[in-house]
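None of the figures in this text is laboratory data; all of them are computed from the coordinates on show. A quick note: this is a predicted structure, and the numbers were derived from the prediction, not measured. Every residue, glycine as well, gets a Cβ built from its backbone with ideal geometry; the counts of neighbours run over all protein chains shown.
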Amino acid sequence: MNRRVLIAGTALVVPLVAILLVGLGRDPHVVRSPLIGRAAPSFSLRPLGGGPPISLESLKGRAVALNFWATWCVPCVQEHEVLAGAARTWGAKAQFLGVVYEDQEDTALDYLRRKGSAYPSLFDEGGKAAIAYGVFGVPETFFISPEGRIVEKFVGPLTPSELSANLGKALEATP
Amino acid sequence: MRRLALVGLIAGLAAGLGAQEPTEVTAPDPRSAVGAPSGRALSGSALDAESDRVAGLLRCPVCQGLSVADSPTGMAVKMRQQVHEMVGAGYDEEQILSYFERSYGEFVRLEPPLRGVNWLVWAGPVGGLLLGAFAIRRALRSRPGTVGSAGEPPSDAGEPLPGPDSLPADESLAAYVLSVRERAYGWPGGISPSRPDTLAPPRKAEGSAS
């Protein structure tokens, strides 16, 4: 075979195969959030069940686990107990917040009445918080450092160990 | 009774947090991400038209195959509303796309911008075509026995080609060629009127003619 053709062919095929190998190893549905490492978008939202609005600013100094959820989302139901349990365990160091995504306020409130709640859930009127956080679907959980920086985004239902690892990362994050 | 207690608990949790800093409801402000609006605030039909146009440049994050303008999902409706509000406030196209890109990544743009590795997306197909055409041209030119770019007859391992009026060394074959020329061109005896001297083959035949 012509040596030059062999070299040129290798130069074309090897990068293509490398790109394919890297691409096939990824989950095409997971898009890494560009917000990681950046300041968390600030908001002040009304909690379900009444009470004054809760702002992210007011939580500075504590790590925040911001969980976008919906009652129609089966994985959200699965992780509800995990989040509630962790909120009780980590309550002194971290604040858990839920944000209702694409759901009715009454439905979400009724769900929390039935399932119980260990932390406030906020109502995102117009979905502006979900847009600012780049939410693709639910559940998605953002781990925010005490300084207000997004340290990690977790897509899907959290297990206790995943939750602890990410929350630990948020607490250890340096400004 | 238990339900009432839970509602009280939820409200209590919220009140405990809210009491730290009583605030009004405020959604994330695009101004903090992309600065003050740099365009002209629109209203009426111009606002609707521009909102639709910009929403058409954004990918719906839920359905992914459709633009925000075309998608019927609840999230796309909310994104359209956000675009509408931003256009109404005077944000220009680039600011709006940047705002969404900041949270969703470049993925949210339906058309990848011309920057960085994205140049490959735009230039790659054209470059590939040019490279392919060059390779084919090169391959055709270097292959023996094929028609070259000037439309010349195929060469035979570098030997000079016989002229159009030449005859093979084999006498019986030469006589056959002459008869064919006579029938085809009407040349008397098969000899070209322009080259009456062409009676003998221009070169010696290879091998032994049988």
Q.
What do you get for the angle between helix A:3-24 and the principal long axis of chain A? Use alpha-carbon atoms, 0 to 90 degrees, nearest ten.
A. 10 degrees
Q. Across the residues of A:49-61, average count of Cβ atoms on other protein chains within 10 Å?
A. 6
Q) What does segment A:1-114 give for Rg and for Dmax, in Å, if only its C-alpha atoms count? A) 23.4, 78
Q: Beta carbons within 10 angstrom, averaged per residue: use that to sort the peptides A:108-120, B:41-53, highest first.
A: A:108-120, B:41-53
(Q) On a full-extension model of 0.36 nm per residue, what is the gain between B:Ser142 and B:Glu106, subtracting their alpha-carbon distance, rounded to one decimal in nm? (A) 8.4 nm
Q. Roughly speaking, what is the centre-to-centre gap between segment B:78-115 and segment A:1-77 when only Cα atoms are used, to the nearest Å?
A. 18 Å
Q: Report, ordered by chain and residue number, the aspartates and glutamates lying within cross-link reach of A:Lys153, taken as a straight Cα distance under 12 Å and ignoring same-chain residues fewer than 8 apart.
A: A:Glu140, A:Glu162
Q: Mind checking A:35-48 for the average number of partner chain beta-carbons within 10 Å of each residue's beta-carbon?
A: 4
Q.
Angle check, please: helix A:74-90 long axis (alpha carbons) against the longest principal axis of chain A (alpha carbons), in degrees 0 to 90, nearest 10.
A. 70 degrees
